[in-house]
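Presented below is the structure to which this report refers.
The values are calculated or read from the model by the stated rules, or taken from the named source; none is laboratory data. All figures in this text were calculated on a predicted structure; none of them were measured in a lab. Backbone-built Cβ (ideal geometry, glycine too); neighbour counts: all protein chains shown.
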Amino acid sequence: MTTSLHRQDVDLPPLVPGPRRLLKHPRLMHHNRLAALVLLGNALFLYGHWVPSARTLGHAALVNLALAVVVRQQYVINLLFRLATSAPTSWPLKLRWTLGKVYHFGGLHVGGALAGTAWFLALTIVTRDGPLLAVGWTLLALLALVVGTALPPFRRRHHDHFEKIHRFGGWTALLLFWTHTLLAGPGPFEVTLLAVVTFSVALPWLRLRKVAVRLERPSSHVVLARFDHGETPFAGSSTAISRSPLKEWHSFANVPAPGEPGFRLTISRAGDWTGAFIDDLPAKVWVKGITTAGVANIEVLFKKVVYVATGSGIGPCLPHLLAAEVPSRLVWATRDPRATYGDGLVDEILAVQPHALVWDTSRHGKPDMVRLAYEAYRDFGAEAVICISNRKLTWQVVHGLERRGIPAYGAIWDS
């Protein structure tokens, strides 16, 4: 392990000119641009149909709400990643920089949900049939609840409630959509679209199962969970696990070992659920769905990358470091790494990253991660930086570098 306190004095490159820097503002990130694009498309559609019929309003509502649901389906997510990351590294960096933002696809979900709700409101307003009107307003009230509780202020403060409302509210809304469509006299288009949405929602649950897990607790802060139930996920994917499948789910990065079956998850104490998991060490957990591509899969778009991680953020980085598909350099800041994560895991990391910068925060305090990331990026000759950390630090690193013309990527907490 190497640490060097002089790294805090590295001079950062100047900020890019004002107009380009404005596009790097968090409010204008690609997630929000995609949501705005969906809303703009709907506005243009409305412009071409100044007095849309009830059937047109219904179709517009269904198409948008189908987009909101299907774009969150794991197979669709994996397809989006596969398409975006198929670009060769010989393409211009600016183009690859943009393709790397594929994980902002949640903007399509947001735009579709907002537009679909608006179209359905218009449809309900022009509805005159009594039973249809009753179902319509009930569905609208439910959609308003789902959309309202998905807004960042509520979602961040009450994530468990958001998750339950989104799940049970979404299922109820789908049932009401079927009821509304059948009452209105469905055509092939409506039935086909609703069938696709229903299958998309049901598919992850059709793969629900309870599996054995072997747990190793190197410290009171971390558990290394090992799974071997016939599933060997691809590097950079994630798996959702639960102890109560109807209550809450938590996703963690899969860490498959090259050439070995099964995979590991690194679970750190970050709340009530993870704390109880570490303390109780359950023998079995529930898994569902399809392993899903994560942010770091965009590494293949670049010739060299720098991974920046803090604490258990090393988990999502580790499979890529082990696979070594792209030349990389690791910067990891964490508290007493060997005592926290165990000698085995640290030695495994250093075996594939002998030049890693591992910053022990218990000895040297919290570093300036933007400067550490930039120095590694500069010295290694990398094309991009991938940051896996908490929300605040991820934003600091990603936007701190992008405003200086350096491609940077990190989770956006939109789910």
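If I ask for residues that are assigned to a strand (DSSP E or B) and buried (at least 19 other Cβ atoms within 10 Å of the Cβ), which ones from the stretch 268-287 would you list?
The first filter runs over the stretch 268-287 and keeps only residues assigned to a strand (DSSP E or B), leaving 268, 284-287.
Matches in the stretch 268-287: 268, 285, 287.
In the stretch 392-405, which residues are of a type in the set (A, V, I, L, M) and either assigned by TED's automatic domain parsing to the domain that holds residue 110 or surrounded by fewer than 23 Cβ atoms within 10 Å (Cβ to Cβ) (or both)?
Once the filter is applied, which keeps residues that are of a type in the set (A, V, I, L, M) and either assigned by TED's automatic domain parsing to the domain that holds residue 110 or surrounded by fewer than 23 Cβ atoms within 10 Å (Cβ to Cβ) (or both), the stretch 392-405 yields only 393.
Which condition breaks for residue 268 when tested against (1) closer than 23 Å to residue 369 by Cβ; (2) touching a residue at least 60 places away in the same chain (Cβ under 8 Å)?
Result: residue 268 fails condition (2) only.
Consider residue 226 carefully, then state whether it is under 30 Å from residue 260 (Cα atoms), surrounded by fewer than 17 Cβ atoms within 10 Å (Cβ to Cβ) and among the basic types (Lys, Arg).
Spelling it out, residue 226 is indeed under 30 Å from residue 260 (Cα atoms), surrounded by fewer than 17 Cβ atoms within 10 Å (Cβ to Cβ) and among the basic types (Lys, Arg).
Which strands (runs of 3 or more DSSP E) sit wholly inside the stretch 357-415 and have at least 2 residues that are of a type in the set (Gly, Ala, Ser)?
408-410
Give me the pairs, please: first residue somewhere in the stretch 354-365 and without any contact (Cβ under 8 Å) to a residue 40 or more places away in the chain, second residue anywhere and assigned to a strand (DSSP E or B), beta-carbon distance under 7 Å, and either six or more positions apart or on two chains.
Partner pairs satisfying both residue conditions: 361/333; 361/334.
What number of residues within the stretch 210-229 satisfy the criterion of being hydrophobic (A, V, I, L, M, F, W, C) and not in a strand (DSSP E or B)?
Qualifying residue count, the stretch 210-229: 1.
Any residue in the stretch 103-129 that's among the acidic types (Asp, Glu) and modelled with pLDDT of 95 or more: show its pairings with residues that are surrounded by fewer than 20 Cβ atoms within 10 Å (Cβ to Cβ) and assigned to a helix (DSSP H, G or I) at Cβ separation under 6 Å, as long as the two are six or more apart or on different chains.
Taking only residues 6 or more apart or on different chains, not a single pair turns up.
Considering only the stretch 143-209, give the helices (runs of 4 or more DSSP H) lying wholly within it that have at least 3 residues that are in contact (Cβ under 8 Å) with a residue 12 or more places away in the chain.
Counting at least 3 such residues, we get 159-184, 188-206.
Being in contact with a Lys or Arg (Cβ under 9 Å, 6 or more places away or on another chain) and either assigned to a loop (DSSP other than H, G, I, E, B) or basic (Lys, Arg) (or both) is the filter here, so list the residues in the stretch 244-267 that pass it.
Just the residues of the stretch 244-267 that are in contact with a Lys or Arg (Cβ under 9 Å, 6 or more places away or on another chain), to begin with: 245-249, 254-257, 262-265.
Scanning the stretch 244-267 gives 245, 246, 247, 248, 249, 254, 256, 257, 262, 264.
For the stretch 298-330, how many residues are of a type in the set (D, E, K, R), buried (at least 21 other Cβ atoms within 10 Å of the Cβ) and in contact with a Gly (Cβ under 9 Å, 6 or more places away or on another chain)?
Final tally of qualifying residues: 1.
Of all residues in the stretch 126-142, which are touching a helix residue (DSSP H, G or I) at 6+ places or on another chain (Cβ under 9 Å) and assigned to a helix (DSSP H, G or I)?
The answer is 126, 131, 132, 133, 135, 136, 137, 138, 139, 140, 142.
State yes or no: is residue 239 part of a strand (DSSP E or B), crowded, with 18+ Cβ neighbours inside 10 Å and in contact with a helix residue (DSSP H, G or I) (Cβ under 9 Å, 6 or more places away or on another chain)?
Here the answer is no, as residue 239 does not meet what is asked.
Within the stretch 280-293, is there a residue that is of a type in the set (A, V, I, L, M) and more than 23 Å from residue 227 (Cβ to Cβ)?
No: the stretch 280-293 contains no residue that is of a type in the set (A, V, I, L, M) and more than 23 Å from residue 227 (Cβ to Cβ).
Scan the helices (runs of 4 or more DSSP H) fully inside the stretch 31-112 and keep the ones with 2 or more residues being over 20 Å from residue 143 (Cβ atoms) and either among the charged types (D, E, K, R) or not assigned by TED's automatic domain parsing to the domain that holds residue 151 (or both).
93-99
Consider residue 333 against the criteria (1) out of contact with any Cys (no Cβ under 9 Å at 6 or more places or on another chain); (2) buried (at least 22 other Cβ atoms within 10 Å of the Cβ); (3) part of a helix (DSSP H, G or I): it satisfies all of them except one. Which criterion is unmet?
The failed condition is (3).
For the stretch 176-190, check the following and say yes or no: at least one residue is over 25 Å from the mean Cα position of the chain (by Cα), hydroxyl-bearing (Ser, Thr, Tyr), modelled with pLDDT of 90 or more and under 17 Å from residue 61 (Cβ atoms).
Yes - at least one qualifying residue is present in the stretch 176-190.
How many of the residues making up the stretch 42-73 are out of contact with any helix residue (DSSP H, G or I) (no Cβ under 8 Å at 6 or more places or on another chain) and more than 14 Å from residue 122 (Cβ to Cβ)?
Qualifying residue count for the region: 3.
Could you list, in sequence order, all residues of the stretch 12-28 that are among the basic types (Lys, Arg) and surrounded by 11 or more Cβ atoms within 10 Å (Cβ to Cβ)?
20, 21, 24
Return yes or no: is residue 372 in the same structural domain as residue 340 (by TED's automatic domain parsing), under 20 Å from residue 95 (Cβ atoms) and crowded, with 22+ Cβ neighbours inside 10 Å?
Working: in the same structural domain as residue 340 (by TED's automatic domain parsing): yes; under 20 Å from residue 95 (Cβ atoms): no; crowded, with 22+ Cβ neighbours inside 10 Å: yes.
No, not satisfied.
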